[in-house]
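The values are calculated or read from the model by the stated rules, or taken from the named source; none is laboratory data. Remember, predicted model here, so these are calculated numbers, not experimental data. Neighbour counts run over all protein chains shown; Cβ positions are idealised from the backbone, glycine included. With ligands, DNA and RNA removed, areas are computed over all heavy atoms of the protein, side chains included. Shrake-Rupley method; radii C 1.70, N 1.55, O 1.52, S 1.80 Å.
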Amino acid sequence: MSRKLCRLVDVPPDSGLGLRIEGPGGSRHIVLFKTPAGIRAYQDVCPHQGRGLAFAPGEYLLDDRGNLICPHHGASFDLTSGACFSGPCEGDRLSAIETRIEKGWVYLEASD
Ligand code: FES
């Protein structure tokens, strides 16, 4: 079962689009990024201390190469793979969420 999340054009090229998803298990926060390899979606949770990845509501910090920087302790993530390549959780990775694009919309493929 898939769920319509947002329009493809709603995902900014220089930040992320944070969304709250409601499901039978409760709500959870996810974040979508536009990368050279396409849309990537992750749980909005840093693997270091389990904190959110935004530095302000709905604002995500990307470096000049398009890598995500966690605002809490500076972990850097490759957004194509979700891998942390620098910082306190180096070698760990963001929790990926499967999505698909259809007719300009982003769909969540995973179910709760
Ligand atoms: S919570 Fe993200 S680097 Fe510490």
So how much slack lies between ASP10 and HIS73, counting 0.36 nm per residue of separation and subtracting their Cα-Cα distance, in nm? 19.9 nm
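Expected output is a single nm value to one decimal: the length gained when fully extending between HIS29 and GLU98, i.e. 0.36 nm times separation in residues minus the C-alpha distance. What is it?
Result for the pair: 23.4 nm of gain on full extension.
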Keeping all protein chains in place and using 1.4 angstrom, which order do LYS34, LYS103 fall into by accessible surface area, from largest down? LYS103, LYS34
So the FRET efficiency between GLU109 and ALA37, C-beta based with R0 = 22 Å and rounded to 0.05, is 0.85
I'd like the carbon and sulfur percentage of the solvent accessible area for the chain, probe radius 1.4 Å, heavy atoms only, ligands and nucleic acids excluded. 48
Förster-model FRET efficiency, 22 Å R0, ASP64 and GLU90, C-beta, rounded to 0.05: 0.65
Starting from the exponent 0.38 and prefactor 2.2 Å, build the expected Rg for the chain from its residue count and divide its actual Cα Rg by it. 1.00
For the stretch 55-73, list residues with backbone N below 15 Å from a point placed 7 Å from the Cα of THR80 toward its Cβ? 65-68
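Counting only heavy atoms of protein chains, what accessible area per residue, in Å², does the chain have with a probe of 1.4 Å?
56
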